[in-house]
Every structure is written in structure tokens, then in C-alpha cells.
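S.K.: Structure below; questions to follow.
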Amino acid sequence: MPVSRLHRVAVLVLEGAKPLDVGIPAQVFTTRASMPYDVRVCGAEPGVVAGGDGLSYQVAHGLDALAWADIVFVPGYRFPDREDPPEAVVDALVAAHDRGARLAAISTGAFALAATGLLDGKRATTHWHYARALAAKRPSSGSTRTCSSSTRAAS
């Protein structure tokens, strides 16, 4: 039986990236012999990316990883309501989508996807603290506020 190609996963680390949000996809889709994934952690360019909560990330790949990936994760980052990601990041996300890559946001990473216009006319959500800010900043994204507890979920 032929060996199938590994699923290529890019984790895009933006300025102010939240440690848990970066760690989840990097660990779940880790590169190891027992998993069908090849993971690249990337930034707007290779090098150090200042993260949130006092951490920084040394990323080996730049936006070329988005052109390579089948799946792109955009982890949450601090202060997403203040400014959009750099234009090169937005353009690379759109290009990845246009060639068929799947894009997924974790928490406030939804702001980066909303900046691309790809969420226009679609329902989207983000971290509860920023839900109203996403709706105000990108009203065409159809942001919904979702709250959940162990006994019920409402939107």
C-alpha cells in the first residue's frame, strides 16, 4: 500500500500570540512518526515573535509556510481589536484560502481571519471578551456571542 503524503499544518504566530493558543495546534498536530502531520510554526517572517504573557517565540518559517500548508491555524493574540495584522499576513491568508487550504482561528485569531474578508457574510465567534469588539470592527462577519457552562450553551 502506498504511503500517503503527510497533512501539512502551519501555525501562524502573530505579535502578542497567546501561549495556550499556539501550543494547542502545535501539540495536537505534532510532527512524529505515529501522526500523519508535518507541522511548521511560522510568523510574518522567520525569527523572534513577541508573544503575550511575557513569552516570545523563535519561529523558523515565514509566510512561505502558508503557501506550503494544507491547514493554517491562527492562534489568538493580544489586543486584536486595536489593529489588523500586517498586510503581508492578510494577503498570505487569502492566498492560502484561494489555493484550497483550510483556515482555522483559535480565540482572537478570528480577528485576523475577519481582516481578510473571508468571514464576510458568515457566522463567526471569538473569545467571549472580544465578541462585541469583533462585531463592531467587522460587522459583515456576522460575529455571534457564545457563552457556555457545564450545563448549557447559548448564543
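S.K.: Per residue of the chain, what 222 nm ellipticity follows from adding -39500 (n - 2.57) for every DSSP H run with n ≥ 4, rounded to the nearest 500?
M.R.: -7000 deg cm²/dmol
S.K.: Here is a follow-up. Got a sec to turn the phi values of segment 27-36 into Karplus ³J(HN,Hα) couplings, 6.51 cos²θ - 1.76 cosθ + 1.60 with θ = phi - 60°, whole Hz, x for Gly and Pro?
M.R.: Result, ordered by residue: 8, 5, 9, 5, 8, 7, 4, 7, 10, x Hz.
S.K.: Something else now. Quick one: Karplus J couplings for segment 40-53, per residue in order, coefficients 6.51, -1.76, 1.60, θ = phi - 60°, nearest Hz, x for Gly and Pro?
M.R.: Here the 3J(HN,Hα) series is 10, 8, 9, x, 4, 8, x, x, 8, 10, 5, x, x, 6 Hz.
S.K.: Related question: Can you list the HN-Hα couplings for segment 122-133, worked out from phi with the Karplus curve (6.51, -1.76, 1.60; θ = phi - 60°), rounded to whole Hz and with x for Gly and Pro?
M.R.: Per residue, the Karplus-derived 3J(HN,Hα) values read 10, 6, 8, 9, 8, 3, 3, 5, 10, 4, 5, 5 Hz.
S.K.: Quick one: work out the % antiparallel among DSSP beta bridges in the chain, nearest 5. Please list the in-between numbers first.
M.R.: Details: 7 of 23 bridges.
So the antiparallel bridges in the chain amount to around 30 percent.
S.K.: Which of these, 92, 114, 33, has the largest mean-square fluctuation under a Gaussian network model of the chain (Cα springs below 10 Å)?
M.R.: 33
S.K.: When only Cα pairs under 8 Å and 6 or more residues apart are kept, what is the percent relative contact order across the chain?
M.R.: 19 percent
S.K.: Note down the net charge around residue 38, summing +1 for each Lys or Arg and -1 for each Asp or Glu among other residues with Cβ under 13 Å from its Cβ.
M.R.: +3
S.K.: Leaving out ligands and nucleic acids, note down the accessible area per residue over the chain with a 1.4 angstrom probe, in whole Å².
M.R.: Numbers: 8660 Å² over 155 residues.
So the chain comes to 56 Å² accessible per residue, rounded to a whole number.
S.K.: Count neighbours as other Cβ atoms within 10 Å of each site's Cβ, and list the trypsin sites (Lys or Arg not before Pro) in segment 1-107 that are DSSP loop with at most 14 such neighbours.
M.R.: For trypsin sites (Lys or Arg not before Pro) across segment 1-107 that sit outside H, G, I, E and B with at most 14 neighbouring Cβ atoms in 10 Å, the list reads 5, 32, 82, 99.
S.K.: Ok, one more. Which cross-chain or sequence-distant (5 or more) residues have an amide H under 5 Å from the amide H of residue 51, H modelled 1.01 Å from N in plane?
M.R.: Here 16, 56, 57 satisfy the definition.
S.K.: Still on this structure, I have one more. Once amide H atoms are placed 1.01 Å from N in the peptide plane, what residues at a sequence separation of 5 or more from residue 103, or on another chain, have their amide H within under 5 Å of its amide H?
M.R.: Here 72 satisfy the definition.
The values are calculated or read from the model by the stated rules, or taken from the named source; none is laboratory data. Because the structure is predicted, anything quoted here is derived from the model rather than measured. Quick reminder, even Gly has a Cβ in these numbers, built from the backbone with ideal geometry, and neighbours come from all protein chains shown. Please note that ligands, DNA and RNA were not included when accessible areas were found on the heavy atoms of the full protein model with its side chains. Shrake-Rupley method; radii C 1.70, N 1.55, O 1.52, S 1.80 Å.
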